[in-house]
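K.L.:
Shown below is the structure under consideration.
The values are calculated or read from the model by the stated rules, or taken from the named source; none is laboratory data. Just so it is clear, the model here is predicted, and its values are computed rather than measured. Because the Cβ atoms are built from the backbone with ideal geometry, glycine has one as well, and the counts that use them run over all protein chains shown.
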């Protein structure tokens with residue numbers, strides 16, 4: 001178990017992390033998700049021992065490792081741009097960690113080579129041991145980097161934007177493959193990403209970060225379906241957001257009731273967030289919000305309809321199943337919200 | 001030389017520019033270089049060889065090799081340290097350090113020599129103390145080495161700083177995360193990454209160290225057979241109207257320049273090559 005307690009880190013006047021607490025369970029696949037500048041990479045580097053917090057504690061299995069450097073923490077670190085040693089063959093890259101061990105613990109040369117070959121098999125790069133990194137594709141390089149990190153038998157695997165430099169198709173394949181590898185090895189793994197789709201697809205749990213703090217920790221389902229703040233709601237998955245007034249259990253937009261609230265809510269201003277697929281578009285009922293269609297495009301099996309609501313300039317995105325013709329641009333439709341979440345006007349949950 | 005011009009320039013302009021550049025190179029660079037060899041061999045090979053093998057000339061050659069042999073390794077160490085500190089760490093006064101590294105490029109070498117005389121000469125700040133302890137710096141080999149080190153300081157650091165800045169810290173961090181120590185990381189990861197750039201810097205540094213005249217001239221005292229380097233020896237011979245001998249020694253320096261040029265081109269080719277797609 002890895003535990004972070006009250007971690008803070010400043011770079012000059014910029015507060016990269018502000019009192020972060022986090023517990024990572026053994027064997028889990030954890031995503032640190034956030035926009036750039038949210039502190040996710042800094043947090044990963046602090047766990048690795050490549051950066052050190054100004055304040056707070058890092059514990060591995062109860063042992064305080066805050067002051068230990070990366071060499072003493074037994075972590076594998078995979079860099080966004082691979083950081084392969086370009087003057088060494090793939091095999092020498094993978095064997096590097098074993099070959100720099102102190103003489104007493106260092107396996108014989110032949111043993112290092114055979115271990116490196118096994119690891120290359122594991123990452124499905126069997127015959128490529130004699131190549132140089134420059135002769136490999138991006139996806140292959142990232143696998144070599146992974147094999148190299150695994151060679152030292154780390155107790156924790158840390159990946160910094162591991163798919164960031166790859167094109168979309170390779171990225172998808174590598175993602176699926178990494179998930180399988182994780183299940184096969186059961187190694188506690190933490191990866192950083194700014195891509196919410198990647199986080200939701202790969203991780204057991206997602207840590208959503210913003211401005212140096214953790215906004216929410218939860219399973220992909222929890223983070224998507226019950227976001228704890230307006231930020232999470234808008235950052236994880238697409239979300240529409242309308243300013244509303246609450247009055248006697250209903251949310252009003254431009255003095256029109258658009259959503260019936262469940263449970264007790266006060267009166268006053270708030271924000272109503274709803275997903276594009278939690279909406280029905282039709283000719284319009286009493287609660288329906290007038291929508292002027294301004295754009296339509298295909299997103300897989302549905303139409304993504306963009307429009308402005310109730311004569312304002314606010315743009316709302318709606319998904320409509322693509323088994324019928326798309327609504328015409330310029331047409332006026334009624335929009336009913338089926339499921340929504342309410343946040344305070346400043347983004348806090350309400 | 002296949003530079004594509006973004007606009008259709010006049011053909012005549014192109015030819016005129018090429019001719020001007022070629023004529024300039026021929027007149028100011030090539031012709032003097034040829035003249036050195038022609039003059040050196042004008043009285044036959046025997047005189048040429050004799051000029052190079054007389055004791056004072058041999059002493060000058062030896063001293064030049066000694067000075068380069070000391071100052072180049074020193075600047076390799078300084079250069080790597082400075083480039084390492086500047087590119088891998090953040091510290092206050094970093095830009096000031098970069099400015100200071102460039103100082104030898106902007107100061108006249110004669111001024112450097114004079115400053116050393118002012119500091120370490122018999123009448124200088126540390127002069128009395130040095131005399132008391134029997135240490136000779138000015139008009140002796142240590143002064144020549146110090147002046148050469150100063151003048152050649154920027155060559156290696158300047159070559160390494162942009163290279164190491166471009167490479168970033170990822171490789172070193174990767175090595176550390178794999179359990180390598182500081183020295184192992186330097187020898188097995190950093191040094192191979194910078195080796196071509198370093199060699200290039202060493203080459204330029206060496207050429208300048210052997211050819212330096214101004215600063216060395218001030219601190220050396222021109223003691224024949226003792227504190228004369230090759231450039232100083234050339235000047236003495238020339239002032240004595242011994243032109244053939246002067247050009248014979250000068251031709252050695254010219255050969256060094258040509259050799260440096262060839263090695264430099266080879267390295268540039270290698271350097272680009274290793275940055276490209278395949279192995280070095």
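K.L.:
Does residue A:22 fit the bill of being within 14 Å of residue A:160 (Cα to Cα), in a strand (DSSP E or B), away from chain B (no Cβ under 14 Å) and within 18 Å of the chain's Cα centre (by Cα)? Talk me through it step by step, then tell me what you get.
P.N.:
Numbers: within 14 Å of residue A:160 (Cα to Cα): no; in a strand (DSSP E or B): yes; away from chain B (no Cβ under 14 Å): yes; within 18 Å of the chain's Cα centre (by Cα): yes.
Against the criterion (within 14 Å of residue A:160 (Cα to Cα), in a strand (DSSP E or B), away from chain B (no Cβ under 14 Å) and within 18 Å of the chain's Cα centre (by Cα)), residue A:22 does not qualify.
K.L.:
For the range A:191-203, indicate whether the set of residues that are more than 26 Å from residue A:172 (Cβ to Cβ), surrounded by fewer than 22 Cβ atoms within 10 Å (Cβ to Cβ) and touching a helix residue (DSSP H, G or I) at 6+ places or on another chain (Cβ under 7 Å) is non-empty.
P.N.:
Looking for residues that are more than 26 Å from residue A:172 (Cβ to Cβ), surrounded by fewer than 22 Cβ atoms within 10 Å (Cβ to Cβ) and touching a helix residue (DSSP H, G or I) at 6+ places or on another chain (Cβ under 7 Å), one finds none in the range A:191-203, hence no.
K.L.:
Let me ask something else about it. Please pick out the residue among A:133, A:108, A:154 that is modelled with pLDDT of 90 or more, surrounded by fewer than 15 Cβ atoms within 10 Å (Cβ to Cβ) and either over 19 Å from residue A:44 (Cα atoms) or in contact with a strand residue (DSSP E or B) (Cβ under 7 Å, 6 or more places away or on another chain) (or both).
P.N.:
On the way: A:133 fails: surrounded by fewer than 15 Cβ atoms within 10 Å (Cβ to Cβ); A:154 fails: surrounded by fewer than 15 Cβ atoms within 10 Å (Cβ to Cβ).
From the options A:133, A:108, A:154, the qualifying one is A:108.
K.L.:
List every residue pair whose Cβ atoms sit under 9 Å apart, with the two residues 6 or more apart in sequence or on different chains, where the first one lies in the range A:74-90 and is on the phi > 0 side of the Ramachandran plot and more than 7 Å from chain B (Cβ to nearest Cβ) and the second, anywhere, is assigned to a helix (DSSP H, G or I) and crowded, with 24+ Cβ neighbours inside 10 Å.
P.N.:
A:82/A:142; A:82/A:144; A:82/A:145; A:82/B:174
K.L.:
Return the residues of the range A:136-147 that are in a loop (DSSP other than H, G, I, E, B) and surrounded by 18 or more Cβ atoms within 10 Å (Cβ to Cβ); say none if nothing qualifies. Don't jump to the end; show me each part of the working.
P.N.:
So the first thing to find is which residues in the range A:136-147 are in a loop (DSSP other than H, G, I, E, B), and the list is A:136-137.
Result: A:136, single match.
K.L.:
Right, another one. Out of the residues in the range A:148-166 that are under 24 Å from residue A:199 (Cβ atoms) and in a helix (DSSP H, G or I), which is farthest from the other protein chains (Cβ to nearest Cβ)? Give the derivation first.
P.N.:
Of the range A:148-166, the ones under 24 Å from residue A:199 (Cβ atoms) are A:149-150, A:154-166.
Add one more test, that the residue is in a helix (DSSP H, G or I), and what stays is A:149-150.
Numbers: A:149: 7, A:150: 11 Å.
Per the criteria, the residue is A:150.
K.L.:
Based on what the data block shows, is residue B:183 within 14 Å of chain A (Cβ to nearest Cβ) and out of contact with any helix residue (DSSP H, G or I) (no Cβ under 8 Å at 6 or more places or on another chain)? Quick ask: steps written out before the conclusion?
P.N.:
Numbers: within 14 Å of chain A (Cβ to nearest Cβ): yes; out of contact with any helix residue (DSSP H, G or I) (no Cβ under 8 Å at 6 or more places or on another chain): yes.
Taking the combined requirement at face value, the residue satisfies it.
K.L.:
When the range B:128-143 is examined, which residues are found to be over 22 Å from the mean Cα position of the chain (by Cα) and part of a helix (DSSP H, G or I)?
P.N.:
Result: B:128, B:129, B:130, B:131, B:132.
K.L.:
Among the residues of the range A:46-62 satisfying the criterion of being within 14 Å of another protein chain (Cβ to nearest Cβ) and touching a helix residue (DSSP H, G or I) at 6+ places or on another chain (Cβ under 9 Å), which is nearest to residue A:186 (Cα to Cα)?
P.N.:
A:48
K.L.:
Filter the range B:132-167 down to the residues that are within 14 Å of another protein chain (Cβ to nearest Cβ) and touching a helix residue (DSSP H, G or I) at 6+ places or on another chain (Cβ under 8 Å) and list them by number.
P.N.:
Looking only at the range B:132-167, we keep the residues that are within 14 Å of another protein chain (Cβ to nearest Cβ), and these are B:163, B:166-167.
Passing the criteria: B:163, B:167.
K.L.:
While we're looking at this one, here's another question. Any residue at all in the range A:27-40 that is within 14 Å of chain B (Cβ to nearest Cβ), within 29 Å of residue A:200 (Cβ to Cβ) and surrounded by 15 or more Cβ atoms within 10 Å (Cβ to Cβ)?
P.N.:
Filtering the range A:27-40 down to residues within 14 Å of chain B (Cβ to nearest Cβ) leaves none.
No: zero hits.
K.L.:
Take the range A:63-73 and flag every residue that is more than 14 Å from every other protein chain (Cβ to nearest Cβ), outside any loop (DSSP other than H, G, I, E, B) and in contact with a strand residue (DSSP E or B) (Cβ under 9 Å, 6 or more places away or on another chain).
P.N.:
The one that is more than 14 Å from every other protein chain (Cβ to nearest Cβ), outside any loop (DSSP other than H, G, I, E, B) and in contact with a strand residue (DSSP E or B) (Cβ under 9 Å, 6 or more places away or on another chain): A:64.
Residue-wise test of (1) crowded, with 19+ Cβ neighbours inside 10 Å; (2) closer than 21 Å to residue A:317 by Cα.
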{"position": "A:244", "(1), (2)": "yes, yes"}
{"position": "A:254", "(1), (2)": "no, yes"}
{"position": "A:263", "(1), (2)": "no, no"}
{"position": "A:267", "(1), (2)": "no, no"}
{"position": "A:271", "(1), (2)": "yes, yes"}
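K.L.:
OK, next. Among the numbered conditions (1) within 14 Å of chain B (Cβ to nearest Cβ); (2) crowded, with 20+ Cβ neighbours inside 10 Å; (3) more than 18 Å from the chain's Cα centre (by Cα), tell me where residue A:123 comes up short.
P.N.:
Condition not satisfied by residue A:123: (1).
K.L.:
A further question on this structure: Looking only at the range A:91-105, how many residues end up being farther than 21 Å from residue A:155 by Cα and either within 8 Å of chain B (Cβ to nearest Cβ) or surrounded by 17 or more Cβ atoms within 10 Å (Cβ to Cβ) (or both)?
P.N.:
Narrowing the range A:91-105 to residues farther than 21 Å from residue A:155 by Cα: A:91-92, A:103-104.
In the following step, the residues that additionally are either within 8 Å of chain B (Cβ to nearest Cβ) or surrounded by 17 or more Cβ atoms within 10 Å (Cβ to Cβ) (or both) were identified as A:91-92.
Qualifying residue count for the region: 2.
K.L.:
Would you mind listing the helices (runs of 4 or more DSSP H) fully within the range B:165-233 where at least 1 residues are touching a residue at least 24 places away in the same chain (Cβ under 8 Å) and within 30 Å of residue A:68 (Cα to Cα)? Even if it seems obvious, please write down each step before you answer.
P.N.:
On the way: elements: B:170-177, B:182-185, B:191-211, B:214-220.
Because the criterion is at least 1 residues that are touching a residue at least 24 places away in the same chain (Cβ under 8 Å) and within 30 Å of residue A:68 (Cα to Cα), the helices (runs of 4 or more DSSP H) in the range B:165-233 that meet it are B:170-177, B:191-211.
K.L.:
If a residue counts only when it is touching a residue at least 60 places away in the same chain (Cβ under 8 Å), under 22 Å from residue B:215 (Cα atoms) and within 24 Å of the chain's Cα centre (by Cα), which helices (runs of 4 or more DSSP H) contained entirely in the range B:17-113 have at least 3 such residues? Talk me through it step by step, then tell me what you get.
P.N.:
Details: elements: B:31-40, B:45-53, B:55-88, B:94-106.
Answer list for the range B:17-113: B:55-88.
K.L.:
Is the range B:231-242 home to any residue that is buried (at least 19 other Cβ atoms within 10 Å of the Cβ) and farther than 16 Å from residue B:58 by Cβ? Outline the logic, then answer.
P.N.:
The first filter runs over the range B:231-242 and keeps only residues buried (at least 19 other Cβ atoms within 10 Å of the Cβ), leaving B:231-234, B:237.
Remaining after also requiring farther than 16 Å from residue B:58 by Cβ: none.
Looking for residues that are buried (at least 19 other Cβ atoms within 10 Å of the Cβ) and farther than 16 Å from residue B:58 by Cβ, one finds none in the range B:231-242, hence no.
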